[in-house]
Amino acid sequence: MSDERHLIRDAVRDYYTTAIERHGPTAKGVDWKDDASHHLRHQQFLRLLAGDPAASVLDLGCGYGDFLSVLRAAGHTGHYVGCDLSAAMIDAARRTFGEGPDRCWHVGDDPPGPCDFAIASGIFNVRRGADAASWASHVDETIDSLAHLGRRGFGFNMLSMSSDPERRREDLHYVDPVAMLRTCLDRYGRQVAILQDYGLWEFTVLVRHSSQTASPKPAAP
């Protein structure tokens with residue numbers, strides 16, 4: 001890993017460690033505005049898992065693990081792996097949800113192995129002093145990691161360039177959803193969905209791998 005990537009990871013880790021220590025296991029503790037918008041973001045990922053409640057899930061940048069409660073409330077029973085750069089976040093997750101045969105927690109961004117699906121919520125937004133080009137490269141590498149970590153598919157969200165220009169912040173990373181759609185189609189196959197209809201200035205990308213190991217298997221053309 002390059003020195004630049006190390007600096008980015010360390011800055012992100014320190015930023016979110018400060019947030020969880022200040023606000024505890026709440027939406028503000030993972031730098032979201034409120035619980036309602038935080039929950040709404042999580043709901044978008046349920047479409048990726050629809051119809052397969054036993055699929056395993058990797059949550060990269062899991063924070064204090066609140067996506068686990070969303071999964072269980074939706075009837076999902078599959079194994080959950082939560083990973084976060086911040087040890088303080090993982091400590092909060094363990095205190096809140098405990099360990100068990102259906103869940104485990106991991107400090108870092110190198111999980112013990114792939115899962116059926118991999119998701120990442122909010123990890124691409126706050127640049128923490130990185131220049132735009134370096135952060136964009138970091139984002140691309142992380143999306144590629146998600147693609148490999150989710151055997152059957154993956155999802156992530158990003159701040160949208162469709163937001164009002166005067167409301168954008170210099171320290172945040174915004175992306176054109178149309179450009180991201182094209183990138184994902186080119187890199188990961190045609191089963192890509194862009195969701196930008198849930199009332200927030202962001203979008204969610206859901207990708208299913210078109211392979212014979214996927215379940216359900218893709219229909220013949």
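Inspection of region 59-68 identifies no residue that is surrounded by fewer than 18 Cβ atoms within 10 Å (Cβ to Cβ), modelled with pLDDT of 95 or more and not small (Gly, Ala, Ser). Which residue out of Ala19, Ala11, Ala87, Ala92 is under 15 Å from Ile123 (Cβ atoms) and in contact (Cβ under 8 Å) with a residue 60 or more places away in the chain? From the options Ala19, Ala11, Ala87, Ala92, the qualifying one is Ala11.
Kindly indicate whether Phe154 is assigned to a strand (DSSP E or B) and out of contact with any Pro (no Cβ under 6 Å at 6 or more places or on another chain). Judged against the criteria, Phe154 is a match.
All told, Leu71 falls short of being buried (at least 16 other Cβ atoms within 10 Å of the Cβ) and either among the β-branched types (Val, Ile, Thr) or over 24 Å from Gln43 (Cβ atoms) (or both).
Looking across region 15-35 at every residue that is of a type in the set (Asp, Glu) and under 18 Å from the mean Cα position of the chain (by Cα), the one that is most open to solvent (accessible area, probe 1.4 Å) is identified as Asp35.
Selection within region 146-174: residues that are open to solvent by 50 Å² or more (accessible area, probe 1.4 Å) and closer than 19 Å to Cys62 by Cβ. The member of this set that is farthest from the chain's Cα centre (by Cα) is Arg151. Scanning region 124-151 for residues that are of a type in the set (A, V, I, L, M), in a loop (DSSP other than H, G, I, E, B) and at pLDDT 85 or above yields a count of 0. Considering region 110-142, the residues that are among the β-branched types (Val, Ile, Thr) and touching a helix residue (DSSP H, G or I) at 6+ places or on another chain (Cβ under 8 Å) include one that is surrounded by the most Cβ atoms within 10 Å (Cβ to Cβ), namely Ile119.
The values are calculated or read from the model by the stated rules, or taken from the named source; none is laboratory data. Note that the coordinates shown come from a computational prediction; the quantities given were computed from them, not determined experimentally. Virtual Cβ from ideal backbone geometry, glycine too; neighbours counted across all protein chains shown. With ligands, DNA and RNA removed, areas are computed over all heavy atoms of the protein, side chains included. Shrake-Rupley method; radii C 1.70, N 1.55, O 1.52, S 1.80 Å.
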